[in-house]
1. Inspect region 68-81 for any residue being modelled with pLDDT of 95 or more and under 20 Å from Glu180 (Cα atoms) and give the result as yes or no.
2. Kindly indicate the residue of region 115-142 that is open to solvent by 70 Å² or more (accessible area, probe 1.4 Å) and hydroxyl-bearing (Ser, Thr, Tyr) and also nearest to Ile171 (Cα to Cα) among those meeting that condition.
3. Confirm whether Tyr161 is farther than 15 Å from Gln62 by Cβ and under 24 Å from the mean Cα position of the chain (by Cα).
4. Within region 159-196, which residues are of a type outside the set (A, V, I, L, M, F, W, C), within 21 Å of Val104 (Cα to Cα) and in contact (Cβ under 8 Å) with a residue 24 or more places away in the chain?
5. Test Ser15 against the criterion of being at pLDDT 95 or above, surrounded by fewer than 19 Cβ atoms within 10 Å (Cβ to Cβ) and under 21 Å from the mean Cα position of the chain (by Cα), and give yes or no.
6. Which of (1) modelled with pLDDT of 95 or more; (2) within 21 Å of the chain's Cα centre (by Cα) is the odd one out, the single condition Leu32 does not satisfy?
7. Given the criteria farther than 21 Å from His86 by Cβ, part of a loop (DSSP other than H, G, I, E, B), open to solvent by 40 Å² or more (accessible area, probe 1.4 Å) and free of Cβ contacts under 8 Å to residues at least 24 places away in the same chain, does Leu38 qualify?
8. So which of Leu186, Leu175, Leu130 is aliphatic (A, V, I, L, M), within 22 Å of Val52 (Cα to Cα) and at pLDDT below 95?
Amino acid sequence: MAMDGYKGFLGLLVSALLVGFLSVIFTLIWVLHYREGLGWDGTTLEFNWHPVLMVTGFVFIQGIAIIVYRLPWTWKCSKLLMKSIHAGLHTVAAVLVIIALVSVFDFHNALSIPNMYSLHSWVGLTVVILYILQLLLGVFIFLLPWAPLSLRALVMPVHVYSGLLIFGTVIAAVLTGVTEKLFFALNSSGYGTFPPEGVFTNTLGLLIVVYGALIFWIVTRPQWQRPKEPNSVLLQPNGGTREGAEGLAVNFSNVDTSDSKLNSETTAKKRNLTVDEAGQRSTM
């Protein structure tokens, strides 16, 4: 099935992947060139894993997971497969985020630095908790065939909205974290004097904002939405589905459309029956 505005979509997709990849590369250059590198010894080298893993997992990989349904060459794949890929990418991001949290708490505890005192830490930990809850609810409600269709229909709008809200909040948390780190690291040299590290890392922040904007634009265009799957679910009197149908590829808009057509046909039959009765009475 052809996608409307395919060239525009492809251009934005390539741009998003390029900017996201550059964000990861810039983060690595920042910690390797300006912040002395990476390690796992309770020093600043261990802390440096925090920005690297956060940008890689929480920003870059999460963004890809959000738009994976929009890729037109996957539209012929089963909905179950795409849900598994979607959940898998989010799981990889969650693992990287947890390691990133361990690194920063371990670093703070090793140097007796207070934890959870800044706005960045408050927003960051809150969005991590929400992200984990979003992932778990998504797996149990949409991926595993346990939840009833009515529950999925009720939760789906919340799932979509909260996913975008979490992604936007993640970008805000990353920007506050980058700024906070620069204030601490460049306090002696003067952040306000435009040092090379400050300019470079500010550019990293702009790349993350652009990446987020591209992801938001791609995922909110209705013409680039995955096509509805006709007859993906046939409801049976016992509440089950037709054998062979994809239980997870639920298309509630199609169900609603079918119900509307059924109601229209029923109304038309009643109208014809009334006309026939009137004709019979007139000839009696």
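The values are calculated or read from the model by the stated rules, or taken from the named source; none is laboratory data. The structure displayed is predicted, hence computed values, not measured ones. Here the Cβ positions follow ideal geometry from the backbone for every residue, glycine too, while neighbour counts run over all protein chains shown. Protein only, heavy atoms only, side chains kept; ligands, DNA and RNA dropped before computing areas. Shrake-Rupley method; radii C 1.70, N 1.55, O 1.52, S 1.80 Å.
1. So far as region 68-81 goes, no, none of its residues is modelled with pLDDT of 95 or more and under 20 Å from Glu180 (Cα atoms).
2. Only one residue fits best here, namely Thr126.
3. yes
4. The answer is Thr169, Thr176, Gly177, Thr179, Glu180, Lys181.
5. Against the criterion (at pLDDT 95 or above, surrounded by fewer than 19 Cβ atoms within 10 Å (Cβ to Cβ) and under 21 Å from the mean Cα position of the chain (by Cα)), Ser15 qualifies.
6. (2)
7. yes
8. Step by step, each of Leu186, Leu175, Leu130 is checked, and only Leu186 is aliphatic (A, V, I, L, M), within 22 Å of Val52 (Cα to Cα) and at pLDDT below 95.
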